[in-house]
Amino acid sequence: METRELTVVAGSFVGFQLLFSVVSPRLASTITPDCRRLPPPKLTEWNSRLVSTVHALIVGFFCLYILWFDDAVNANPVWGDPNLVKLNVAITCGYLVYDLVLLACNWKTMGDGFFVCHHLAALYAYGYVLTRGVLPYFANFRLISELSTPFVNQRWFFEALKYPRSHWMVVSNGVAMAVVFFLVRIAVMPSYWASVFATFGTPEFERLGLGAQSFVGLRCPFIDSKTRRGLLQKEHLAAPPNPASTRRFDAPPLLHAAVLPDPPQSHRRCDARA
């Protein structure tokens, strides 16, 4: 890994940590004073989701730029020039390390073994991009799915502030969330997997070795499963808090969670957060 990528990873980690610890609490108390009435675990979750939104917007739009304008990566998805992709992946790696530290420091209220496994798998996969510069197209393409994360987090903010589900902003966000989720996580899948299968058996693919090949074959289904379950989650903020599960809950289908009245409460844990 080059010094530039290491610097970006470290800078990303420090930047997101400062955003969580310093910027988000002050910004939230200024713009949304009502959030100060939330219990401490919810305030931690609030700050965490704001950081998640900022990360998603940065890497999501950077991803679109690369897909539209980086001809070298698009022409050779396995060995194309990874210069810009490395920067985007380094930002994400810094965020993943920050989130692992956050989970460790708040394990009683936010700990989730699934997310630890997810983050470690992501760091393993993106490590090939940063160290060997391989599979830049596939690594970057997967980051486009982050563009739906801000809408998922915004739904949580509305519920934390007890906005009625009939409020026009809640309904609008729910519809936008459904549309963006379909576009960046479902509609793009045929094109993505067509590119994956087109590389199988090619000399470029054989040069990767088994470890990097597993990045294409295993990493992508892992993310797809995680994000689908994450978006379909529902946080029952009106229910008494369960210290072991303040972060992720089961959910009704997407539009139902954003528009229809609350179903009966359920406290069973699930692996979530997009």
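The values are calculated or read from the model by the stated rules, or taken from the named source; none is laboratory data. On a predicted model such as this, the values are computed, not experimentally measured, just so you know. FYI the Cβ positions are ideal-geometry reconstructions off the backbone, even for glycines, and counts take in every protein chain you see. Heavy atoms of the whole protein, side chains included, go into the accessibility calculation; ligands, DNA and RNA do not. Shrake-Rupley method; radii C 1.70, N 1.55, O 1.52, S 1.80 Å.
Take the residues of segment 63-95 that are in contact (Cβ under 8 Å) with a residue 60 or more places away in the chain and within 15 Å of S195 (Cα to Cα): which is nearest to the chain's Cα centre (by Cα)? Only one residue fits best here, namely L67. Listed here are the helices (runs of 4 or more DSSP H) enclosed by segment 75-133 that have at least 1 residues being in contact with a Ser or Thr (Cβ under 6 Å, 6 or more places away or on another chain) and among the hydrophobic types (A, V, I, L, M, F, W, C): 83-105. Inspect segment 134-144 for any residue being within 23 Å of P41 (Cβ to Cβ), part of a helix (DSSP H, G or I) and of a type in the set (A, V, I, L, M, F, W, C) and give the result as yes or no. No, the conditions are met nowhere in segment 134-144.
Scanning segment 157-179 for residues that are open to solvent by 30 Å² or more (accessible area, probe 1.4 Å), assigned to a helix (DSSP H, G or I) and either β-branched (V, I, T) or over 21 Å from L147 (Cβ atoms) (or both) turns up W168, V171, V175, V179.
Per this entry, F20 is not counted among residues that are in contact with a Gly (Cβ under 7 Å, 6 or more places away or on another chain), part of a helix (DSSP H, G or I) and either within 24 Å of V89 (Cα to Cα) or open to solvent by 60 Å² or more (accessible area, probe 1.4 Å) (or both).
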